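Below is one structure, written out as structure tokens; the observations come after it.
The values are calculated or read from the model by the stated rules, or taken from the named source; none is laboratory data. Only a predicted model underlies this, so the values are computations on that prediction, with no experimental measurement involved. Don't worry about glycine lacking a Cβ; one is built from the backbone with ideal geometry, like all the others, and counts go over all protein chains shown. What goes into the accessible areas is simple: the full protein's heavy atoms, side chains included, and nothing from ligands, DNA or RNA. Shrake-Rupley method; radii C 1.70, N 1.55, O 1.52, S 1.80 Å.
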Amino acid sequence: MGKVKTRKVRSDKKRDVKPTISIELKDCVYRLSYITNTPVQHIVEQICESGIGSRRVIEYLAPHFRRTVRLNNTLFMGGVDRPLIPKRDPGVTQRISTRFNQVTFENINTLAYALDVTPSRATGVLLDATIHSTDFLNVYVRGFLNQQLDQRRMQELKKVLRFINNNNSSNEHYSWFVFLSNFYDEIKDTANTVSNSIYDFLDKWKSY
């Protein structure tokens, strides 16, 4: 009998994952996607890659590790007496799609094994933990602005944000993400872009 040929799997082939997340978290991801003009799948992928590589995020999840694993060259102890990761938000939830390269997917599998959940559930947990325990949103948005705006406009925008925070009577601090979300709310039903809206805003601001 002849040898059966097996198709080789490309090392860079991406794996589809569809976690179920809260509608609030999904809205946050879609806002970031719209603001930065980046596909949702790429946003989710980058958030999770940032989270799986963040010691802060892993240590945030570690109290729920029911199995001992090694992540980021660090050994995290697990135990069957550890509390299970809280169940999904009892509110409205929806699925969201993403794709991981093989390395990230294996890390997600390791996290899932530690938490004693499915890879899809681990992805949803990682996505939520990264958003809530790191400054990913602000870092990502600020990186986007640095690419979109010239140095002069970026400096002007920093002054605007500083002025708003210093003169906000409610004492609420506006982050880069929250600040740009306001542009999203104003233009989401129009053909305008966030970048163009920022240009218009700065032109009007300078005229005051």
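Given the structure, is residue 24 in a helix (DSSP H, G or I) and open to solvent by 60 Å² or more (accessible area, probe 1.4 Å)? Write out each step before concluding.
Values: in a helix (DSSP H, G or I): yes; open to solvent by 60 Å² or more (accessible area, probe 1.4 Å): yes.
Spelling it out, residue 24 is indeed in a helix (DSSP H, G or I) and open to solvent by 60 Å² or more (accessible area, probe 1.4 Å).
Across the stretch 52-90, the qualifying residues are those that are part of a helix (DSSP H, G or I) and of a type in the set (A, V, I, L, M), and the one among them that is surrounded by the fewest Cβ atoms within 10 Å (Cβ to Cβ) is 62.
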